[in-house]
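Participant: Starting off with a structure, shown below.
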Amino acid sequence: MNINDNLSHLGQTLLVLNEFCTRRENFFAQMPQNSIALFKAASEVTRSNDTEYAFCQNKNFYYLTGFNEPDALLVLIKNKDQDNGNQQNAYLFCRDKEPLAEIWQGRRIGAEKAKMDYGFDDAFTLDEIDTALPELIKNKDHLLYCQGENQAFDLQVMAWLTKVKQAIKQGAKAPANLFDCAAIIHELRLIKSDHEITIMRQVNDISCGAHLRAMEKTQAGKFEYQIEAELLHEFARHGARHAAYASIVAGGDNANILHYTDNNDALVNGDLLLIDAGGELAGYAADITRTFPVNGHFSPEQKALYELVLKAQNAAINEVKEGNTFAQLNILVNEILTQGLLELGILSDDLATLIEEKACKKYFIHGLGHWLGLDVHDVGDYQVNTDKQQLRKFKAGMVMTIEPGLYIPLDDDSVDKKWRGIGIRIEDNILVVDKSINALGHENLTAKAVKSVADIEKACASTH
Ligand SMILES: [Mn+2]
């Protein structure tokens, strides 16, 4: 999708250009003086022979440019100018206009239009890159790039540096400091702007609609891939042409395979269906999970486990607010799930001991949630130091998933047979909001995808 698609979809021409310029300003503010930063676009990836996978732009590059063509390079330069303070320049290197290639493969923006439409100080074609970059790197003190993200690019940067070093006798100086700037860009991406929140609301609305459609269309005897097709249909017809990740459509015991994407089994009357799917819009992901009965009615065991997961999820969501942490939410969810499993007879022992031992982790085998944004498992640290306890305090503008689950595989002999083969996850996308704007301290972006037992049975009933 190019920037103009985003614009027409959102109708916010100026806002979008300003948005990307603001993001670059925020990055410039953290660059040391007399430094250069490089961000590489993604390349196309071969699927087989002469066909490629759908192009997916490098998300750091996209965050700073909105430019959606492969192989481009963003160059940010911060000079120390004694007379005028700091001087900042943003340059783009991109594919040249090429009429024949454009007839076969599609339109290219070209350097001239890129400079005008994307707010760069200047733009050049890729064939200039190997002569221009050593010149731009020369005499800078610091070189910033995301190290190790793209091995071919790491080698290219080293080749440019070598070229600078070869000119030392002519008075050139190579940067003494190579700086991995991934952490800077990741921290910027973690706090969403109003523009990003607008897009994330849209992609979540679309994806909620897809889950509701799946509930309506599900019937015993249909295949999992047929329900996947309903999801993709609903994403695409609202502008989210691709899923943000491979959709998980898992009937019955398949739900106990966490990343099940085979989606090729028939749906069985009496089973649950777990769907973990979200669309991608203008680069932003939704990540929603709903679990509902294939025949539209929960059995007593399914209902008991489902309502336990839902209770834990709602309790965790209620605590998403500024100042709280994932660590706190984990304590709460552990208490609720462990107590519930004890009451159902799935766990047995003294409650305090079970909570202490985090006994529910036998059945809740993944994390409670993750950051969400341009990547479905978005960037940004969870720790404040190296204690690995997810003690980072929530802040307005963060978006995260809250997704507890319970999984009891068919072959788990340690529990009563009636519980086996049930896998449940419920996942919402939650935005942290300043309490002066929203007293809850958060906004559930996926509230439109119903999740109470009564609402789900109603949504499933619309074709049953
Ligand atoms: Mn998730």
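The values are calculated or read from the model by the stated rules, or taken from the named source; none is laboratory data. Predicted model only: the values in this text are computed from it and were never measured. Here the Cβ is made from the backbone with ideal geometry for all residues, glycine too, and neighbour counts use every protein chain on show.
Participant: What is the number of the single condition among (1) within 25 Å of the chain's Cα centre (by Cα); (2) at pLDDT 95 or above that Q389 does not meet?
Facilitator: Just one mismatch for Q389, condition (2).
Participant: Look at F153 and say whether it is of a type in the set (F, W, Y) and in contact with a Phe, Trp or Tyr (Cβ under 6 Å, 6 or more places away or on another chain).
Facilitator: On the way: of a type in the set (F, W, Y): yes; in contact with a Phe, Trp or Tyr (Cβ under 6 Å, 6 or more places away or on another chain): no.
In short, no.
Participant: Please verify whether L410 is assigned by TED's automatic domain parsing to the domain that holds H211, touching a residue at least 60 places away in the same chain (Cβ under 8 Å), in a strand (DSSP E or B) and at negative phi, treating the condition exactly as stated. Give the derivation first.
Facilitator: On the way: assigned by TED's automatic domain parsing to the domain that holds H211: yes; touching a residue at least 60 places away in the same chain (Cβ under 8 Å): yes; in a strand (DSSP E or B): no; at negative phi: yes.
Against the criterion (assigned by TED's automatic domain parsing to the domain that holds H211, touching a residue at least 60 places away in the same chain (Cβ under 8 Å), in a strand (DSSP E or B) and at negative phi), L410 does not qualify.
Participant: For the list (1) assigned to a helix (DSSP H, G or I); (2) away from the ligand (no atom under 16 Å from the Cβ); (3) touching a residue at least 40 places away in the same chain (Cβ under 8 Å), I need the number of the one condition that G296 fails.
Facilitator: Against the list (1) assigned to a helix (DSSP H, G or I); (2) away from the ligand (no atom under 16 Å from the Cβ); (3) touching a residue at least 40 places away in the same chain (Cβ under 8 Å), G296 comes up short only on (1).
Participant: Given the criterion touching a Ser or Thr at 6+ places or on another chain (Cβ under 7 Å) and either within 15 Å of the ligand (Cβ to nearest atom) or of a type in the set (G, A, S) (or both), identify the matching residue among I430, I424, I402. Walk me through how you get there before you give the answer.
Facilitator: On the way: I430 fails: touching a Ser or Thr at 6+ places or on another chain (Cβ under 7 Å); I402 fails: touching a Ser or Thr at 6+ places or on another chain (Cβ under 7 Å).
Being touching a Ser or Thr at 6+ places or on another chain (Cβ under 7 Å) and either within 15 Å of the ligand (Cβ to nearest atom) or of a type in the set (G, A, S) (or both) holds for just one of I430, I424, I402, which is I424.
Participant: If you check G345 against the conditions, is it in contact (Cβ under 8 Å) with a residue 24 or more places away in the chain, more than 16 Å from the ligand (Cβ to nearest atom) and surrounded by fewer than 18 Cβ atoms within 10 Å (Cβ to Cβ)?
Facilitator: When the stated conditions are applied, G345 passes them.
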